[in-house]
Every structure is written in structure tokens, then in C-alpha cells.
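To start, the structure itself, in C-alpha cells.
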Amino acid sequence: MHILYIHQYFATLSNSSGTRSYEFARRLVQSGHEVTMLTSNSNLQLLFREGEDEIRETSVDGIRVLVINESVNNRTSFGKRLTSFSSFARKATRLGMKVSCDCVFATSTPLTVAYPALRISKTKKIPMIFEVRDIWPDVPIELGIIKNPILKWLSRRLEMKAYKFAKRIIALSFDMKNNIVGKGIPADKIVVIPNASDNEIFDSVSSVELEKFQEEYPIFRERKVVLYAGTIGMVNGLKYMVELAAEAIKHSQKVAFVIIGDGREREEVIGYAKSLKVFDRNLFVFPPMPKNRVICAMKAATIHTSFVINKEVLWANSANKFFDALAASKPIVINYGGWQSEVLMENDAGILLPPDSPVEGARRILELINNWTKYHNMCENAKRIAVTLYDRNTLFKRLDNVITESSNS
């Protein structure tokens with residue numbers, strides 16, 4: 001079967017972004033499918049040089065990759081992102097029409113990838129599978145990012161068209177599924193396939209690789225590291241982590257809070273850390289690293305974190321860092337409710353921090369670090385659910401079945 005896979009932010013292990021599409025696409029190829037990935041150069045910028053054509057073709061682990069010269073990053077304003085989303089959707093539609101395929105699989109965000117998927121599916125009379133990674137447009141509307149009433153209407157109209165026309169919908173959490181069902185979509189049309197733990201990759205990291213990483217970043221050897229690896233944006237609310245560091249340093253000099261990533265609020269977070277006199281004392285900010293380097297950081301860290309601002313609409317997220325922490329056999333600390341907090345509490349694999357009290361949050365983190373028995377048990381529990389609930393190979397089989405059944409029915 002030939003699958004046209006549309007993901008505007010496709011990335012591999014050499015990039016710093018999430019690799020869900022890469023990991024699933026290469027497994028689809030290994031299972032005998034033909035996969036054409038339609039993407040932008042947001043994470044593949046080295047493929048383009050000034051003055052070159054708008055389209056480049058390359059191959060990654062058997063995946064045919066068609067790259068459209070349309071790039072945004074974590075620092076791009078929403079207005080410019082919206083322009084880029086629209087441009088990519090138009091170009092992807094024209095390019096996708098030329099691909100001979102048996103089904104089209106579009107993964108959002110951005111929601112605008114639904115447009116080329118709908119057009120291609122209707123024109124070619126092939127099934128469309130729509131994957132929902134975040135609740136769009138609910139999130140940007142509730143956060144006040146989308147304010148224009150016409151844009152709100154158009155976004156909701158595109159969302160509902162995608163839901164109704166898709167043969168199957170893949171949601172990355174049960175909370176997302178419930179949100180979609182609440183909009184009138186039948187529950188049996190939706191399959192939950194969360195982000196995954198890449199246990200094979202994490203388990204393959206050697207002691208030599210870890211030692212080299214710790215030589216380059218000695219903070220991981222010298223102190224207990226509380227790690228955040230991801231985007232430094234508005235929704236992530238990393239000033240909270242700065243406040244945790246400011247409280248923790250009053251009680252321990254042996255714990256460091258480390259941020260690896262980039263985003264529009266990077267300088268603001270650093271400035272806030274300087275104002276609280278913790279920057280480069282017990283809070284450190286490193287630039288983005290390729291995924292294979294971040295894995296070393298995750299293995300070397302003591303505790304992982306996943307933070308969002310205090311908005312319930314964000315609780316449905318299925319953050320890669322959550323599953324990476326489990327694969328790394330590390331407890332994860334979060335400051336929000338929803339399904340992830342339930343998983344952590346039920347399996348004793350992490351702790352929940354109050355979003356409005358960094359004083360109590362720092363106390364809970366230090367308590368865990370200083371309780372070896374509790375910490376060790378959480379490490380074991382994290383790995384157990386990474387293997388039993390979220391292993392990439394197991395979840396891939398679910399995806400393969402959805403694609404095969406959708407195309408054969």
C-alpha cells in the first residue's frame with residue numbers, strides 16, 4: 001500500500017523536534033508499505049539553499065520525503081505562522097495531487113494540514129486518516145491567540161470537516177478523544193494512539209556515550225539534575241521552573257534545574273532567572289540538541305519535567321517529553337491535571353506539583369531526590385509502564401491496523 005503521509009514538521013533523530021512521524025513512517029516501510037512524506041523544511045533546513053527550487057526530494061530510511069520550502073520555528077510570530085500554514089497547505093495540495101497513493105494520512109498540528117488531505121482524498125477517492133496531536137482550534141482560541149471571529153469560524157469549520165470526512169481519527173489521548181466526541185463525532189470512529197516510549201533507542205545508549213555527554217556537560221555529573229527538554233514558549237510557562245529553582249537553592253546546592261530548548265520566551269525566562277539570581281547558579285539553559293543528544297541528557301538527568309501554564313484546555317496534551325522520561329527510567333514531575341497525572345499517580349511513576357505554589361513544588365522535588373527508596377521505585381515504575389503501555393513497537397501495530405483496515409473497508 002502507498003501511504004501519503006502529511007506532516008508539516010517532520011523530523012528525524014538528527015533534529016531537536018519530536019520524531020513520531022519518522023518512527024511510524026520507517027516502521028510502515030519495514031512492514032512492506034510505500035510511504036511518501038509531504039513536509040516543510042522547518043526541521044530540514046539544510047536541504048535548501050538560497051535560490052533553489054521550491055521542492056526538494058530526498059530519502060530517509062526508505063521513506064520518500066518531499067520537502068516544501070516553507071519554514072517556521074518556535075520563535076515565529078503567530079501571524080507569520082498562519083501565513084506559512086496557509087502557504088504550505090496550498091503547495092502540499094498541488095504536490096500531493098501528483099502522488100499516486102492508496103490513502104492519505106494527515107497529522108495535525110497545524111490544523112491546516114487537513115485542507116490538502118481533504119482535497120487529495122476527495123479528488124483521488126481514497127480514504128483519509130486524520131491524526132489529532134493537540135486540540136485545535138480550541139487551544140489557540142481559549143488562550144486568546146486566535147481572536148478574529150472569522151478566523152475562529154473558518155478554523156472550526158475546517159476542524160469539523162476533517163472529523164466528519166475522515167475514515168478514521170487518531171487521537172493522542174483519551175482526553176482528546178472525549179473532546180472530539182463532545183463535538184458530535186461517533187466514539188467508534190476514533191482510535192487513541194498516544195505518543196510513545198522509544199525503549200529500544202533509550203536502552204541502546206552506552207555508558208561510553210553517557211560519559212562523553214557528561215564530560216561535555218559536567219553539570220549532569222556534578223549535581224542532581226531536574227531536566228526540562230522542549231519548547232520554551234508561552235504555553236510551557238517555564239517561569240514556574242525558574243521559581244522552583246529559586247526556592248530549591250535555599251535548601252540545597254546539589255540540585256540543578258536544566259532547560260534544553262528554544263522558543264519565543266527563552267530570553268524572557270533567562271532574564272527572569274537573572275532577576276531571581278539563579279541563572280548559571282542552579283538554573284542553566286542550553287540550546288536545542290539533536291534528539292540523539294537529548295536522549296543522553298535524559299538518561300543522565302535525575303528527574304524529568306513537563307510544564308504548562310494553568311489552563312485546563314492544555315491538560316489533554318500528549319507531550320513527547322512525558323514518554324521519553326518513562327523510556328529513560330526516570331520519574332516525571334508535572335504541574336497539571338488530566339490523564340497524565342492520573343497515569344503517574346496510579347503507577348507511582350512521578351509527582352504532581354501545585355501550579356500556583358513553587359514553594360511546595362520545590363519541597364516535593366527535593367523530598368523525592370532525598371528519598372532513595374521512593375526515587376528508585378519510581379524509576380522502575382516509569383520503565384515498566386514505558387514497556388507495558390507505551391512501547392513504540394506496540395503502538396505502531398495499532399496504527400498499522402488502522403491504516404490497513406481503513407484502506408480495505
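The values are calculated or read from the model by the stated rules, or taken from the named source; none is laboratory data. Since the model is a prediction, treat every value here as computed from it, not as a measurement. Every residue, glycine among them, receives a Cβ derived from its backbone with ideal geometry; neighbour counts consider all protein chains shown.
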Checklist entry - Only one of (1) crowded, with 23+ Cβ neighbours inside 10 Å; (2) modelled with pLDDT of 95 or more; (3) assigned to a helix (DSSP H, G or I) is not met by residue 131, so which one is it? => result (3)
Checklist entry - Which is within 22 Å of residue 2 (Cα to Cα), touching a Leu at 6+ places or on another chain (Cβ under 8 Å), not in a strand (DSSP E or B) and not assigned by TED's automatic domain parsing to the domain that holds residue 313, of 117, 92? => result 92
Next on the checklist: Given the condition of a type in the set (A, V, I, L, M, F, W, C), within 19 Å of residue 328 (Cβ to Cβ), at pLDDT 95 or above and surrounded by 19 or more Cβ atoms within 10 Å (Cβ to Cβ), answer yes or no: does some residue in the range 208-221 qualify?
Outcome noted: yes
Next on the checklist: Tally up the residues in the range 138-153 that are surrounded by 14 or more Cβ atoms within 10 Å (Cβ to Cβ) and either modelled with pLDDT of 90 or more or not in a loop (DSSP other than H, G, I, E, B) (or both), please.
Outcome noted: 7
Checklist entry - Does any residue in the range 215-243 that is under 14 Å from residue 362 (Cα atoms) come within less than 8 Å, Cβ to Cβ, of a residue that is surrounded by fewer than 22 Cβ atoms within 10 Å (Cβ to Cβ) and of a type in the set (Ser, Thr, Tyr) six or more places away or on a different chain, and which pairs are these? => result 224/302; 225/302; 226/302; 227/302; 239/272; 242/272
Checklist entry - Is the range 357-364 home to any residue that is among the small types (Gly, Ala, Ser), under 17 Å from residue 304 (Cα atoms), in the same structural domain as residue 242 (by TED's automatic domain parsing) and buried (at least 19 other Cβ atoms within 10 Å of the Cβ)? => result yes
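Matching residues to (1) exposed (fewer than 14 other Cβ atoms within 10 Å of the Cβ); (2) modelled with pLDDT under 95; (3) not assigned by TED's automatic domain parsing to the domain that holds residue 108:
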site: 318; (1), (2), (3): no, yes, yes
site: 349; (1), (2), (3): no, no, yes
site: 352; (1), (2), (3): no, no, yes
site: 366; (1), (2), (3): no, no, yes
site: 369; (1), (2), (3): no, no, yes
site: 374; (1), (2), (3): no, no, yes
site: 377; (1), (2), (3): no, no, yes
site: 380; (1), (2), (3): yes, no, yes
Checklist entry - Can you name the condition, by its number, that residue 231 falls short on among (1) at pLDDT below 95; (2) among the β-branched types (Val, Ile, Thr); (3) not in a loop (DSSP other than H, G, I, E, B)? => result (3)
Checklist outcome for this item: In the set 183, 177, the lone residue that is over 16 Å from residue 21 (Cα atoms), basic (Lys, Arg) and either outside any loop (DSSP other than H, G, I, E, B) or out of contact with any Asp or Glu (no Cβ under 9 Å at 6 or more places or on another chain) (or both) is 177
